[in-house]
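A short write-up of the structure that comes next.
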Amino acid sequence: MQKRSYFAGRMLPYALLAPQLLVTIVFFYVPAAQAVWQSFLLQDAFGISTEFVWFENYQLLFSDAAYYQAISVTAVFSVLVTVAALSISLLLAVQADKSLRGAGVYKTLLIWPYAVAPVVAGVLWLFMFQPSLGTLARGLRHFGVDWNPYLNSGDALSLVVLAAAWKQISYNFLFFLAGLQSIPKSLIEAAAIDGARPARRFWTIVFPLLSPTAFYLLTVNIVYVFFDTFGIIHAVTHGGPAGATTTLVYKVFNDGRAGGDLGGSAAQSVVLMAIVIALTAVQFRFIERKVNY
Amino acid sequence: MAEVRLTSVGKIYSGAVPAVKDITFSVPDGGFCVLVGPSGCGKSTLLRMIAGLETITMGEIRISDRVVNTVEPMDRDIAMVFQNYALYPHMSVYDNMAYGLRNRKTPEPEISARVAEAARILELEPYLERRPRELSGGQRQRVAMGRAIVRQPQVFLFDEPLSNLDAKLRGAMRVEIKKLQRQLGVTSIYVTHDQLEAMTLADQLVVMNQGVVEQIGEPLSLYERPETVFVAQFIGAPPMNMIDLAPGGGGPKGLDGSSELPVPASGARLGIRPEHLVVDEDGRPVPTRPGDIRLELAVDAVEAVGAETYIHGRLGGDGLMITAREHGKMLLPPGTSRVFTARRENLHLFDAATGRRVDI
């Protein structure tokens with residue numbers, strides 16, 4: 001099969017690539033380069049004087065206990081959200097793939113949360129779990145749970161994890177369902193005749209065949225947790241109480257926008273960028289090998 | 001080894017017309033039964049009911065005297081070869097064949113012995129470590145067979161296993177399947193829409209149409225004595241010529257001798273196989289006996305394929321298209337008119353109202 005494309009003119013391929021390259025340059029490379037430059041600068045709070053300080057911002061960053069707390073919060077948060085979003089959506093997709101009647105309605109309803117903006121999703125969950133007004137919070141109190149995400153760091157983290165996972169489930173669900181539907185029915189039937197009970201069929205046939213989808217979603221979900229959950233955290237907890245829900249990306253915002261420390265904030269975002277690039281590279285290097293395409 | 005017995009088996013999908021109606025037949029131990037019919041006739045549904053992949057809404061299916069109506073597919077002791085082979089794409093050829101045995105907790109040394117034996121029989125030894133996508137269509141087909149063999153089941157079920165192969169390979173695999181089945185002596189039920197495949201493989205042929213069995217029997221007896229118009233036209237290629245006769249025995253223009261036939265009051269359909277039409281050589285008419293039929297055909301097209309020649313002509317000059325099959329080369333110029341003779345013993349007569357055979 002011919003995989004390489006040939007173009008008549010020399011300019012056409014560049015012209016076709018240009019829009020995408022332009023977007024990537026304007027919205028990724030330029031800001032990234034600016035961040036790197038900014039991270040070597042020290043500015044006073046009013047932006048009057050700027051001084052080039054080499055790695056001082058980084059030194060300060062790595063001697064800050066709050067930064068290490070943000071790293072561990074991010075680690076816990078991302079593992080919880082990714083595991084919850086992937087496993088719940090897989091479970092729902094398997095059920096949707098099985099169910100016959102009303103499957104269309106079920107799918108449509110499941111897809112809605114994806115259309116909800118992160119901040120709105122955050123506010124929605126906040127309303128439900130607001131200690132004094134929230135319907136579900138009152139229910140929890142009724143059962144004797146001392147629920148207060150404003151004061152209890154565990155409660156606050158659970159709430160943002162719940163909201164963040166809920167929003168990502170629909171996206172994962174769509175991909176898992178498409179993946180499940182692309183597995184020929186006769187494979188499952190062959191496995192049934194081959195003596196595999198439903199659970200074994202799932203783990204030995206269905207899941208391995210879903211692994212490319214799962215791998216893709218894992219990467220996407222981790223990037224989502226690192227960056228896109230900002231809106232949810234901002235709406236629900238503002239990173240509190242006492243930094244219990246301050247993830248790396250929220251700390252970038254908090255220190256730079258609220259704290260006025262532009263250099264330190266830029267240094268943080270450079271480190272964050274390095275972490276995400278490293279994580280993605282590790283995923284492709286080690287997990288992709290185990291994936292069956 | 002097992003006998004498969006179906007008694008008044010039927011299948012109705014919720015609210016719809018029955019897919020399969022009142023089917024009764026049995027396949028003896030070691031027999032090779034082929035279910036054949038046009039697409040949508042219910043043959044695949046019936047096979048899947050025997051496999052346990054479709055529920056049985058009426059009647060009873062027994063495998064070696066055990067009623068299996070509600071038995072899970074895995075507990076029916078059957079193996080099935082699917083049309084698209086249904087190989088597990090993420091497993092090697094070896095693992096594909098070993099999967100069913102591992103699920104049944106067969107000891108690993110026995111698994112490797114059985115897989116090695118199957119690989120030897122099917123000439124798959126060089127490919128055991130490969131993935132299915134690295135194999136050709138014919139090799140995949142053999143892996144699917146191997147997966148069935150290693151299980152040593154009581155019954156093999158085949159669901160159009162050759163329809164994804166090209167014509168040449170299909171012919172070769174057909175011979176292999178037949179040989180293998182003889183060798184292993186496992187009761188087999190095979191579904192196909194290809195009447196040639198059906199004729200060559202079957203000990204017992206079950207012709208199905210619109211969810212019912214038209215006729216059951218040995219392939220040649222179905223060919224020589226079809227009980228219905230459907231079977232007569234479905235078995236044999238090119239298909240049997242069918243000429244409508246009026247109640248008195250009067251036929252269309254160009255047909256001679258039909259008034260001698262016992263045509264029922266509702267009229268009849270006269271069937272003549274192409275190879276039973278003998279053409280008059282130049283100026284030397286075929287000697288006829290009482291009861292023979294003579295047809296006058298205006299030659300429309302001639303297809304010479306070497307060993308034989310197909311002559312397509314219109315009855316009585318511009319009537320029904322009739323096909324005759326002659327030995328050797330016979331290059332009749334199109335437009336010429338010829339007389340063809342069919343012997344009385346080679347004629348098939350069917351009641352026009354019921355479609356059933358009428359004895360001549």
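A short reminder: the numbers here are calculations on the coordinates, not readings from a lab. All of these numbers come straight from a predicted model, not from anything done at the bench. All Cβ positions, even for glycine, are placed from backbone atoms using ideal geometry, and neighbour counts span all protein chains on display.
A compact table of results
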{"item": "Within the range B:333-360, backbone nitrogen closer than 13 Å to the virtual label 7 Å beyond the Cα of residue B:244 toward Cβ", "result": "B:352-353"}
{"item": "q = 0.09, 0.11, 0.15 Å⁻¹: log10 I(q)/I(0) that the Debye formula gives for the range B:96-214, counting C-alpha atoms only", "result": "-0.27, -0.41, -0.73"}
{"item": "MRE, 222 nm, helices only [DSSP H, n ≥ 4, -39500 (n - 2.57), over chain B, to nearest 500]", "result": "-7000 deg cm²/dmol"}
{"item": "Of the DSSP H helices in chain A, those whose Cα atoms cover at least 18 Å axially and whose Kyte score averages 0.5 or more", "result": "A:11-24, A:65-98, A:153-181, A:207-223, A:262-282"}
{"item": "Taking all pairs of distinct alpha-carbon atoms in the range B:268-314, Kirkwood radius in angstrom", "result": "12.6"}
{"item": "26 Å Cα-Cα threshold exceeded, pairs from B:11/B:168; B:105/B:179; A:98/A:167; B:43/B:178", "result": "B:11/B:168; B:105/B:179"}
{"item": "Estimated translational D of the range A:1-100 in µm²/s (Stokes, Kirkwood radius over Cα pairs; 37 °C; 0.692 mPa s)", "result": "167"}
{"item": "Dmax and Rg, reported as Rg then Dmax, of the range B:221-346 (C-alpha, Å)", "result": "14.2, 44"}
{"item": "Förster-model FRET efficiency, 51 Å R0, residue A:276 and residue B:13, C-beta, rounded to 0.05", "result": "0.45"}
{"item": "Degrees separating the helix B:167-184 axis from the principal Cα axis of chain B, which is the longest one", "result": "60"}
{"item": "Percentage, to the nearest whole number, of Cα pairs in the range B:167-265 over 18 Å apart", "result": "59"}
{"item": "Centroid-to-centroid separation of the range B:268-337 and the range A:139-169 [C-alpha atoms, Å]", "result": "88"}
{"item": "Taking the C-alpha atoms of chain B, convex hull volume expressed per residue in Å³", "result": "164"}
{"item": "Enclosed volume per residue, in Å³, of the convex hull spanned by Cα atoms of the range B:189-234", "result": "72"}
{"item": "Rounded to 5, percent antiparallel among DSSP beta bridges of the protein assembly as shown", "result": "75"}
{"item": "Inter-chain shielding of A:194-200 (mean C-beta neighbours from other protein chains, 10 Å cut-off)", "result": "6"}
{"item": "Whichever aspartates and glutamates have a C-alpha closer than 14 Å to that of residue B:21, once near sequence neighbours (fewer than 8 apart) are set aside", "result": "B:60, B:214"}
{"item": "Rounded to 10°, Cα long-axis angle of helix B:108-122 versus longest principal axis of chain B", "result": "20"}
{"item": "Angle between chain B longest axis and helix B:93-103 axis [Cα atoms, degrees, rounded to 10]", "result": "70"}
{"item": "Rg followed by Dmax, in Å, when the range B:18-153 is reduced to its Cα trace", "result": "16.6, 47"}
{"item": "Reachable lysines, given that their alpha-carbon falls under 17 Å from the alpha-carbon of residue B:329 and they are not under 8 places away in the same chain", "result": "none"}
{"item": "Gain in span if fully extended, residue A:257 to residue A:30, counting 0.36 nm per residue against the direct Cα distance", "result": "79.7 nm"}
{"item": "For the range A:70-128, the Rg and Dmax computed from alpha carbons only, in angstrom", "result": "14.7, 46"}
{"item": "Averaged over B:96-108, number of beta-carbon atoms from partner chains that fall within 10 Å", "result": "3"}
{"item": "Percentage relative contact order, chain B, counting C-alpha pairs under 8 Å, at least six apart", "result": "16"}
{"item": "Cα centroid of the range B:202-251 to Cα centroid of the range B:48-104, whole Å", "result": "32"}
{"item": "Fraction in percent of alpha-carbon pairs per bin - 10 Å, chain A", "result": "6, 20, 26, 24, 16, 6, 2, 0"}
{"item": "Most to least packed among B:124-131, B:269-276 [average Cβ atoms within 10 Å]", "result": "B:269-276, B:124-131"}
{"item": "Equivalent ellipsoid dimensions for the range A:148-254 as semi-axes, Å, which come from the Cα gyration tensor, largest first", "result": "39, 14, 10"}
